[in-house]
Amino acid sequence: MKIRKIFFAAAALSIAFSGMVPVFSVGAEPSRSAATEVSSGGYKELESVDSVVQPASTIFELRETADLSKVKKLRVNIVLAAVDKALNVVYGSEKLCSVAEFIAETSDFSVPAFEVEEEESLSSLLEALKENGTEDVFIVSKKPELLYSARKQFPLSRGALDLRGRELSADEIVKAVNEGFSKIVFLDAEPLTVEFVNSLRKRYLSVWAEDRGSTANSAVKTILTGVNGIATDSPQTYSEAYRKFFGKPNSVVRDPFIIGHRGSGATEGGYSVYGPENTLESAEKAFADGADYIEIDVHFTLDKELVVMHDSLLGTMMNAKGTVETTSYADLKNYTYKNFDDSYRIPTLRQFIEYFKPTDCMLVIELKDYSKPLAEAVAALIREYDFENQCVVICFSKQSLGYMYQALPSVGLGALSSDDFRVYEKIYDEKHDIYKNGDLLLSDTLRGVFGAIQNYNCVFNPGFNVLTEEMIRQIQLRGVGVHAWTLTSANLIDQYMMQGCASLTIDGVAMLAETIRTVSADRTEYKTAVGKEAEVRLSGKYYSRSDYEGNATADADLTDDSLAEPMLVSGEAFEVTDGNRLKAVKEGTSTAVYRYKMFSSLGEYYIYSQPFTLIAESGSGEARGCGSLLKVSGLTGAGIALSLLSIPVLKKKEKYL
């Protein structure tokens, strides 16, 4: 049997910058007539927790020479090391080893993350990495300008802005990270909440959190905030937490975001029972059904109005001829949709922004025209409405994404792709004289993906059919979100949700409307007399926010549901009874969390409440607590404030006319 490698997209890369609108070229595809050997850039398969749907990367900071042998045993995903201009790995003033020694000791199982704070150190490091052929690497810095410089000199590196110890709002964080041409922010774990983390993830950032002095409590809490990476000085504590509390197959600790494709969905011919695609009526329905984002397509009209429509050809959907670009808005707004009554009209991007501005819904704006003027016009309108924190921009053209970054760097960008980056070992079938696919060559596959997107500071937005579960896991362990499109059935939704995509673009969000999305206890703290059971009320929130008439969807009462399992994280003051109740057995404090069993077309999966505190007191005590608000210092200001954790309520407006 003969085996050979065949390399497809991005087999050889040559990358250069021209301002911040990059010039990107891909070398010619290797000949398929002979075995081909191309450097894979050091991309290796990172180990992770199999039972968890997309677990966080485990990060360990090198602080002493003995840590080198420790990380080999622990097999962490990312090793963080500070570097000086002499290419020494240091901690404070102490030299630990050389960069070359560090790479040699850790390269078989982890990705290096080099922390630099001086341009001279950065330049020396990048030259060494290029000479060594190391591409799979993070550059970490407290200075956005250094990350910008790193990405300009070495675009395949991934930047992480270190904001540990800083008090910043979500808006300030996103702005600073994007100014560094990066996609990762490094924060302190203690003040983080799932709401705050989601506010960053929705804007296409990945979040690393440092949990120094890790305990079982801090591990479970940090895991359930949904961060993408966790830096800990005790990886063993996290391994035990995953095993004990998240050991059931398909444990979901990070909720994927749901995107309504062109609103309620682009069904056959672009027609939905809720209105034509890309209309406000269709978008309103998708949001009511549980969409976190509405995906829309934007074109210029003849008179440079920004309108929302997928096809340039009017005849596809409208009772009209011609194209969007050659028709004035004055004419377009009078055209009606095929197969619908005359009440529906082509909306503008301005109308979409005005409609969704008062809500917590995000817009995914796809640029359909790849020109610089369109990108600049979209950026100007977003800025006019102060809408940067409620939208991301996607496009198939990387050049257009470069234009958008130049015009509005604070907005997250996504690189749409239908390319197949999978690289397979080729096995020769002598009987039929053909080559068949063997195993996926993960290293070369990852190199193709990162080579295609890193030059543009984008997340990866591929068609779902060019993904594998291992691709998704390995890309996201490296701090880049995978946002799959377009899922048209419940089975596909289940499949890619369980494979851990950061978001799912769906035709018909209504398929999820009656599914429980999250579970929560009614308080963050309960006080109970010894000998009594804590009066914990557990509820489930559906994807659906409201019906089409605007009536809010009621939460499900799961308090006595046999599928709800309380688990004690720490403390001996409480025990779980045979009836799955939490009973105080002696004075003291415990921490608990609920695990709730769900069912999909693929079988069982599990979702979790946030941890809550149980206090057992002597005397007659009663269940009482501080409710759902948690006061946390730091990270407050514009955007999402941690002292106000309630999710914004849908502000229902009259049906758009």
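Among the listed residues ILE394, ILE472, ILE434, identify the single one that is out of contact with any Ser or Thr (no Cβ under 8 Å at 6 or more places or on another chain) and free of Cβ contacts under 8 Å to residues at least 12 places away in the same chain.
The match here is ILE434.
For every residue, the table says whether it meets (1) open to solvent by less than 10 Å² (accessible area, probe 1.4 Å); (2) acidic (Asp, Glu); (3) touching a Cys at 6+ places or on another chain (Cβ under 8 Å).
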site: VAL89; (1), (2), (3): yes, no, yes
site: CYS97; (1), (2), (3): yes, no, no
site: ALA100; (1), (2), (3): no, no, no
site: VAL111; (1), (2), (3): yes, no, no
site: ALA128; (1), (2), (3): no, no, no
site: ILE139; (1), (2), (3): yes, no, no
site: LYS143; (1), (2), (3): no, no, no
Subject >> Selection count, region 167-203, where residues are within 30 Å of GLU127 (Cβ to Cβ) and part of a loop (DSSP other than H, G, I, E, B) >> reply: 4
**OP:** Could you tell me whether LEU163 is under 17 Å from the mean Cα position of the chain (by Cα), under 28 Å from ALA241 (Cβ atoms) and of a type outside the set (Gly, Ala, Ser)?
**Re:** no
**OP:** Any residue in region 500-529 that's open to solvent by 20 Å² or more (accessible area, probe 1.4 Å): show its pairings with residues that are in a strand (DSSP E or B) and modelled with pLDDT under 95 at Cβ separation under 9 Å, as long as the two are six or more apart or on different chains.
**Re:** ASP507/SER272
Original post:
So is SER397 among the polar types (S, T, N, Q) and closer than 21 Å to HIS310 by Cα or not?
Top reply: yes
**OP:** Give me a count of the residues in region 151-174 that are surrounded by 18 or more Cβ atoms within 10 Å (Cβ to Cβ) and basic (Lys, Arg).
**Re:** 2
Subject >> From the options LEU129, LEU156, LEU125, residue that is part of a loop (DSSP other than H, G, I, E, B) and in contact (Cβ under 8 Å) with a residue 24 or more places away in the chain >> reply: LEU156
**OP:** Provide a single number: the residues in region 539-573 that are within 22 Å of GLU617 (Cα to Cα) and touching a residue at least 40 places away in the same chain (Cβ under 8 Å).
**Re:** 5
**OP:** Within region 473-492, count every residue that is under 25 Å from VAL207 (Cβ atoms) and β-branched (Val, Ile, Thr).
**Re:** 3
**OP:** Sort out which residues of region 214-252 are touching a Ser or Thr at 6+ places or on another chain (Cβ under 8 Å) and assigned to a loop (DSSP other than H, G, I, E, B), and write them in order of number.
**Re:** SER214, THR215, THR225, ASN228, ASP233, SER234, PHE246, GLY247, LYS248, PRO249, ASN250
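For every residue, the table says whether it meets (1) among the aromatic types (Phe, Trp, Tyr); (2) in contact with a Gly (Cβ under 6 Å, 6 or more places away or on another chain); (3) modelled with pLDDT under 95; (4) surrounded by fewer than 18 Cβ atoms within 10 Å (Cβ to Cβ).
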{"residue": "GLY531", "(1), (2), (3), (4)": "no, no, no, yes"}
{"residue": "SER544", "(1), (2), (3), (4)": "no, yes, no, no"}
{"residue": "GLY550", "(1), (2), (3), (4)": "no, no, yes, yes"}
{"residue": "LEU563", "(1), (2), (3), (4)": "no, no, no, yes"}
{"residue": "PHE574", "(1), (2), (3), (4)": "yes, no, no, no"}
{"residue": "GLY579", "(1), (2), (3), (4)": "no, no, yes, yes"}
{"residue": "GLU587", "(1), (2), (3), (4)": "no, no, no, yes"}
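Find the residue count for region 350-380, including only residues that are β-branched (Val, Ile, Thr) and either outside any helix (DSSP H, G or I) or out of contact with any strand residue (DSSP E or B) (no Cβ under 9 Å at 6 or more places or on another chain) (or both).
So in region 350-380, the residues β-branched (Val, Ile, Thr) come out as 353, 359, 364-365, 378.
From the residues that got through so far, the ones that are either outside any helix (DSSP H, G or I) or out of contact with any strand residue (DSSP E or B) (no Cβ under 9 Å at 6 or more places or on another chain) (or both) too are 359, 364-365.
Final tally of qualifying residues: 3.
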Original post:
Out of region 64-96, which residues are closer than 16 Å to VAL140 by Cα and among the basic types (Lys, Arg)?
Top reply: LYS85
Original post:
Applying the selection to region 296-337, what residues are touching a residue at least 24 places away in the same chain (Cβ under 8 Å) and farther than 24 Å from LEU381 by Cα?
Top reply: THR316, MET317, MET318, TYR337
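Within region 370-393, how many residues turn out to be open to solvent by 10 Å² or more (accessible area, probe 1.4 Å) and either out of contact with any helix residue (DSSP H, G or I) (no Cβ under 8 Å at 6 or more places or on another chain) or not charged (D, E, K, R) (or both)?
Result for region 370-393: 12.
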Subject >> Which numbered condition LEU477 fails, given (1) within 24 Å of LEU80 (Cβ to Cβ); (2) open to solvent by 10 Å² or more (accessible area, probe 1.4 Å) >> reply: (2)
Subject >> Residue in region 136-143 that is part of a strand (DSSP E or B) and either of a type in the set (Ser, Thr, Tyr) or touching a His at 6+ places or on another chain (Cβ under 9 Å) (or both) present >> reply: yes
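Just to be sure, is GLN454 crowded, with 24+ Cβ neighbours inside 10 Å and at pLDDT 95 or above?
No; evaluated as a whole, the condition is false for this residue.
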Original post:
What number of residues in region 319-349 are surrounded by 13 or more Cβ atoms within 10 Å (Cβ to Cβ), of a type in the set (A, V, I, L, M) and not in a loop (DSSP other than H, G, I, E, B)?
Top reply: 2
**OP:** May I ask you to say which residue of LEU125, LEU187, LEU147 is in contact with a strand residue (DSSP E or B) (Cβ under 7 Å, 6 or more places away or on another chain) and within 18 Å of SER57 (Cβ to Cβ)?
**Re:** LEU187
**OP:** Name every residue in region 406-417 that is assigned to a helix (DSSP H, G or I) and either crowded, with 23+ Cβ neighbours inside 10 Å or hydrophobic (A, V, I, L, M, F, W, C) (or both), in order of residue number.
**Re:** ALA407
**OP:** Residue by residue through region 487-531, note down the ones that are of a type in the set (D, E, K, R), over 23 Å from TYR274 (Cβ atoms) and in contact with a Lys or Arg (Cβ under 7 Å, 6 or more places away or on another chain).
**Re:** ASP522, LYS527
Subject >> Residue count, region 592-609 (criterion: more than 17 Å from TYR543 (Cβ to Cβ) and out of contact with any Phe, Trp or Tyr (no Cβ under 9 Å at 6 or more places or on another chain)) >> reply: 3
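One line per residue, one yes/no per condition, for (1) more than 25 Å from THR486 (Cβ to Cβ); (2) touching a Lys or Arg at 6+ places or on another chain (Cβ under 6 Å); (3) open to solvent by 10 Å² or more (accessible area, probe 1.4 Å):
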| residue | (1), (2), (3) |
| --- | --- |
| ASP419 | no, no, yes |
| ARG422 | no, no, yes |
| LYS426 | yes, yes, yes |
| LEU441 | yes, no, yes |
| THR445 | no, yes, no |
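The values are calculated or read from the model by the stated rules, or taken from the named source; none is laboratory data. This one's a predicted model, so the numbers in the text were calculated from it and none came from an experiment. Cβ: placed from backbone, ideal geometry, glycine included. Neighbour counts: every protein chain shown. Surface areas here come from the heavy atoms of the whole protein model, side chains and all, with no ligands, DNA or RNA. Shrake-Rupley method; radii C 1.70, N 1.55, O 1.52, S 1.80 Å.
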